[in-house]
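One structure is given here, and the rest of the page talks about it.
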Amino acid sequence: MKKNRILILILVDLLILAILAALFVPALWNYNMHRYLTRGGNTYNADIPAEKQEYYKEAIKGLKQGKDDGVFHWAVAAGGTSNVLNAVQIPFDISYYSEPGDKEPAYVVHTGETVYFSVPEDYTDASQLQTAFMLYSGMWGYGLNTWPTAEKGWRLVRPFVSAERPELQGYYYVKMEALQALQQFRYKADAEPASEDAVTYSFLVKGFSKRYRQSESFYMKAELLFNDMSLLHNETYKSPDLFKAAIPLWAVIALAGACVLANILLVVKGFRKGTHLQS
């Protein structure tokens, strides 16, 4: 019986830790995102009217079909600071889909292809591809510069062109986790400068993370959410990828309180049984 009580106590304590983690992890992300959004005195309004939200969703569908009604014209590519490695041979497939949730991809960039992270805004053919490129410049809505959709974790973007297939594709949906995996690979692959005037991607990530007092993993994901943040600042759309859903505080307090009470009851019950046996 004593062993059973100890086991129950351990399970209850683990449940408490899980509850605290469920509260802490999304709360920490939301806090860091708020700090990042308000850096440099910027402000934002998270209560965007429903009609604006719906208008953006329809505009995204139109963009997928090749129609651009001007919603996306505010985005002006920021000037890069240094040449960074622009071409890498990817170690896994990157799958693109016609619709979010599709089981079969409509387009795949295959393992072993050499992809280009940035291409010029007026890209037409392979002669314009460069192995080094200015960070945060080039074509908008291409590669890692994705647009948020109504589906959390799904992005709309033009797939990477590669040395093997340099033709520019139309818009497809891609899972954010696939792009995050590619970011991590780029971070490791670009550890040494390719030339004297080049700066590594990993060096820049570390520098920006230190500058904005954020973790490197947060900064790299925030990099993928650049358009989401701009849309929010422009009061155009609140992306479902920007903030994490947190458990309501009252529910956490109630669950944590119940777990603590269960702990106390188990300890008291064990104490009473011990006292009864001694008497």
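Quick note: the coordinates plus some simple rules give every number you see, no bench work behind them. As the structure is a prediction and not an experimental result, all values here were calculated from the model. FYI the Cβ positions are ideal-geometry reconstructions off the backbone, even for glycines, and counts take in every protein chain you see.
Before moving on, here are some points about what is shown:
- Least to most buried among S127, S162 (fewest other Cβ within 10 Å first): S127, S162
- From least to most packed, judged by other beta carbons within 10 angstrom and beginning with the fewest, E216, E51 follow the order E51, E216.
- Calculated FRET value between A50 and F203, using beta carbons and R₀ = 45 Å, to 0.05: 0.55
- Label-point separation, V108 to Q184 (7 Å along Cα→Cβ), nm: 2.1
- Order of M229, M33 under a 10 Å beta carbon neighbour criterion, fewest first: M229, M33
- Calculated translational diffusion coefficient of region 47-233 (37 °C, 0.692 mPa s; Stokes-Einstein with Kirkwood radius over alpha-carbon pairs) equals 191 µm²/s.
- Cα gyration tensor shape for region 125-244, rounded if a/c is under 1.5, else prolate or oblate: oblate
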